[in-house]
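Undergrad: Attaching a single structure in structure tokens format; questions to follow.
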Amino acid sequence: RPAPRLLPAFDTPSGVAYTTVNMRTGHASNPAWNGRRAVLSEFASLGPEWRTLSALTGEREYARRVERIYARLANASAERRTALLPTYWDERTGRAVNA
């Protein structure tokens, strides 16, 4: 079952998910090519997949993990007073790094 093995991607202080999980070790990180930052298009698109997985398996935890992402994005949008959000994010703080 791969889904439980991917949950370390969501183990960040801010809820902004890492984009890479080593399936063997469970180590989660962001790639070096982008300065180890989270990419909006990657972590923001996890919602439909994980919510569907939650509905199909009955595991509420999967949906709860992505709800943290959307809460952070909603807060950022309100703080910035725009729906246009930057590309790179710090998963520790949940803040954009190229604002």
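The values are calculated or read from the model by the stated rules, or taken from the named source; none is laboratory data. This is a predicted model, so every value here is computed, not measured. Glycine also receives a Cβ, built like all others from the backbone with ideal geometry; neighbour counts cover every protein chain displayed. For accessibility, only protein heavy atoms count, side chains too; no ligands or nucleic acids. Shrake-Rupley method; radii C 1.70, N 1.55, O 1.52, S 1.80 Å.
Undergrad: Would you kindly work out the equivalent ellipsoid of the chain from its C-alpha gyration tensor and give its semi-axes, the square roots of five times the eigenvalues, largest first in whole Å? Provide the component values of the computation, followed by the final result.
TA: Numbers: eigenvalues 101, 60, 18 Å².
Equivalent ellipsoid of the chain: 22, 17, 9 Å, largest first.
Undergrad: Sticking with this structure for a sec: Are there any GluC sites (Glu not before Pro) in the range 1-98 that are in a DSSP loop and have at most 10 other Cβ atoms within 10 Å? List them by number. List each step's numbers first, then the result.
TA: On the way: sites: Glu42, Glu49, Glu59, Glu61, Glu67, Glu79, Glu91; in loops: Glu59, Glu91.
In loop regions of the range 1-98 (DSSP not H, G, I, E or B), there are no sparsely surrounded GluC sites (Glu not before Pro).
Undergrad: Test of understanding: in a Gaussian network model of the chain with alpha carbons linked when under 10 Å, which of Leu73, Leu40, Leu56 would top the mean-square fluctuation ranking?
TA: Between Leu73, Leu40, Leu56, it is Leu56 that shows the largest mean-square fluctuation.
Undergrad: Filter the trypsin sites (Lys or Arg not before Pro) in the chain to those in DSSP coil with at most 12 other Cβ atoms within 10 Å of their Cβ, and list the result.
TA: Working: sites: Arg5, Arg24, Arg36, Arg37, Arg51, Arg60, Arg64, Arg65, Arg68, Arg72, Arg80, Arg81, Arg92, Arg95; in loops: Arg24, Arg36, Arg37, Arg81, Arg92.
Passing sites in the chain are Arg24, Arg81, Arg92.
Undergrad: Provide, as a two-decimal number, the C-alpha radius of gyration of the range 32-77 over 2.2 N^0.38 Å, N being how many residues it has.
TA: Working: Rg = 12.2 Å, N = 46, 2.2 N^0.38 = 9.4 Å.
Relative to the 2.2 N^0.38 Å estimate, the range 32-77 comes out at 1.30.
Undergrad: Right, next: Could you provide, to the nearest whole Å², the per residue accessible area of the range 15-56 with probe 1.4 Å?
TA: On the way: 2380 Å² over 42 residues.
Computed with neighbouring chains in place, this is 57 Å² per residue.
Undergrad: Summing +1 for each Lys or Arg and -1 for each Asp or Glu, what net charge is found among the other residues whose Cβ lies under 14 Å from the Cβ of Glu67? Let's see the in-between values first.
TA: Details: positive: Arg51, Arg60, Arg64, Arg65, Arg68, Arg72; negative: Glu49, Glu59, Glu61.
After counting each charged neighbour, the total is +3.
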